[in-house]
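Participant: Here it is, the structure, as structure tokens.
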Amino acid sequence: MGLYTIEALGAVIVTAFVDLFLTKSAALRTKDFWITWVIVAVFQVPVDGWLTKASSPIVIYNVRQFSQVRLPFSIPIEDFAYGFALTLLTITLWLRFAPHYDSGSPS
């Protein structure tokens with residue numbers, strides 16, 4: 001297991017811990033998070049696929065540093081893990097620190 005794989009898995013584990021235990025935002029338990037993640041992944045595929053395409057890659061990965069598991073268009077699975085962690089961390093921190101307004105109060 002390469003460093004890129006370890007870092008990607010670590011990012012997912014750390015952000016899940018932050019979501020569930022530190023901020024107690026529990027975004028992972030909401031349907032809205034999973035819908036958001038699907039939307040992010042749908043847009044990630046063409047962009048990341050273009051950057052990592054096997055025929056003429058713009059980004060080249062050291063084969064010793066990642067799992068070599070690739071999904072559509074030759075995208076390393078670790079890229080999806082990083083995208084997941086970034087999406088989760090952003091939503092978790094938003095839920096924790098964004099201002100919450102009382103809907104009954106006058107504007």
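Participant: Any idea how many residues of segment 56-75 are of a type in the set (K, R) and either more than 16 Å from E7 (Cβ to Cβ) or in a strand (DSSP E or B) (or both)?
Facilitator: Here the count works out to 1.
Participant: Would you please name the residue that is surrounded by the most Cβ atoms within 10 Å (Cβ to Cβ), looking only at residues in segment 2-30 that are outside any helix (DSSP H, G or I) and not polar (S, T, N, Q)?
Facilitator: Of everything passing the filter in segment 2-30, G2 is surrounded by the most Cβ atoms within 10 Å (Cβ to Cβ).
Participant: Which residue is farthest from V12 (Cα to Cα), if the candidates are limited to segment 68-100 and must be crowded, with 18+ Cβ neighbours inside 10 Å and in contact with a strand residue (DSSP E or B) (Cβ under 8 Å, 6 or more places away or on another chain)?
Facilitator: That would be P76.
Participant: May I ask you to verify whether P76 is at pLDDT below 90 and under 19 Å from V42 (Cα atoms)?
Facilitator: So P76 fails the test.
Participant: Filter segment 58-67 for residues that are touching a Gly at 6+ places or on another chain (Cβ under 6 Å) and crowded, with 17+ Cβ neighbours inside 10 Å and give the result.
Facilitator: Within segment 58-67, F66 is the sole residue that qualifies.
Participant: Let me ask something else about it. Looking at (1) in contact with a helix residue (DSSP H, G or I) (Cβ under 8 Å, 6 or more places away or on another chain); (2) in a helix (DSSP H, G or I), which is the only condition F43 fails?
Facilitator: (1)
Participant: State yes or no: is L20 more than 12 Å from L89 (Cβ to Cβ) and modelled with pLDDT under 95?
Facilitator: no
The values are calculated or read from the model by the stated rules, or taken from the named source; none is laboratory data. Values in this document were obtained by computation on a predicted structure and should not be read as measured data. Using ideal geometry, Cβ is built from the backbone for each residue, glycine included, and neighbour counts are taken over all protein chains shown.
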